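> My questions all concern the structure below.
Computed from the coordinates by the stated procedures, all read-outs in this text should not be read as laboratory data. Predicted model only: the values in this text are computed from it and were never measured. Counting neighbours? That spans all protein chains shown, and the Cβs are built from the backbone with ideal geometry, glycine included.
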Amino acid sequence: MGEHDRYLIEIFWSAEDEGFIATVPDLPGCSAWGATPEQALREMQDAKAAWLEVRHLAGEPLPEPTTPPHLAAG
């Protein structure tokens, strides 16, 4: 499990968006859409990596995951 795999990802159905939304509660504004939960999760991996990279390049600290690693691992 990589360091960035420790963040909890939540996936839910959105009738408004007509698809599944994946979010990372510890990373404000980090979300992704998918037609299936699996697609939303795949899209979230890219979105999360981009979110963390931008934060790193800006010289800002990365937030610590608030979910224990054994519960966030999937």
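> May I ask you to sort Glu60, Glu43 by Cβ crowding, counting other Cβ atoms within 10 Å and putting the fewest first?
Fewest-to-most Cβ neighbours within 10 Å comes out as Glu60, Glu43.
> Hey, another quick one. Roughly what would the spin-label model give for Leu62 and Ala15, points 7 Å off Cα along C-beta, in nm?
Label at Leu62, label at Ala15, 3.8 nm between them.
> Grab the DSSP H runs of the chain that are 4 residues or longer, score each as -39,500 (n - 2.57), total them, divide by all residues and round the 222 nm result to the nearest 500 deg cm²/dmol.
Computed mean residue ellipticity for the chain: -10500 deg cm²/dmol.
> Which shape class applies to the stretch 3-72: rounded if a/c is under 1.5, otherwise prolate when a/b exceeds b/c and oblate if not, where a ≥ b ≥ c are the square roots of the Cα gyration tensor eigenvalues?
prolate
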